[in-house]
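A short reminder: the numbers here are calculations on the coordinates, not readings from a lab. Every value quoted in this text rests on a predicted model; they were computed, and no experiment measured them. Virtual Cβ from ideal backbone geometry, glycine too; neighbours counted across all protein chains shown.
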Amino acid sequence: MDKIRKIMNNTTYINSMTYIKDAEVDRKFCLHGVEHSLDVARICYILNLEEKLSYDKEIIYAMALLHDIGRSAEYQNKVSHHQAGADIAKGILQDAGFDTLEVEEICDAIASHKYVDNNKKDLKYLLYKADKLSRNCFDCRMYAECYWDENLKNKEITY
């Protein structure tokens, strides 16, 4: 996956992810590093296959790796990480060789991964669902203090 390698070696990606890691060093709740992003990518890909959506693997991995990159802007400037992430991701995706339509589709999913129409099976749906499923609430030491709605917490292994 040549484009994914280019993302992982992109200076903006590296700097943003380093900033997030440093900003979250004392965070007690879920983290937003590469481990989380890879979990999201793998779950997205499983959902993609199971639901026969036929999205390209590199598109899925690019979207997942970049979906929380806006946290760096959120921590620095108190802005929503969703739109900030789409803005940051655009240049990284272009540098990695994704075409205009792919960049637009990926950035749209990143910008709107907070809310989704569960009836429309698209990249936004995959990202939203995988992002939530990636959290191991059932084994979290902060379960009782977590701000997630009790009905949204993952109480068992699903994926």
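What the table below lists for this structure:
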quantity: Long pairs among Lys21/Lys120; Lys57/Lys129; Lys114/Lys155; Lys28/Lys132; Lys21/Lys121, criterion Cα-Cα beyond 25 Å; calculated: Lys21/Lys120; Lys21/Lys121
quantity: Relative contact order (%) - the chain, alpha-carbon pairs under 8 angstrom, separation at least six; calculated: 23 percent
quantity: Protection-proxy order for peptides 77-84, 147-154, each taking the mean of Cβ atoms within 10 Å per residue, highest first; calculated: 77-84, 147-154
quantity: Kirkwood hydrodynamic radius over Cα pairs of region 8-158, then Stokes diffusion coefficient at 37 °C and 0.692 mPa s, in µm²/s; calculated: 209 µm²/s
quantity: Ellipticity estimate at 222 nm from DSSP helix runs (n ≥ 4, -39,500 (n - 2.57)) divided over the chain, nearest 500; calculated: -18000 deg cm²/dmol
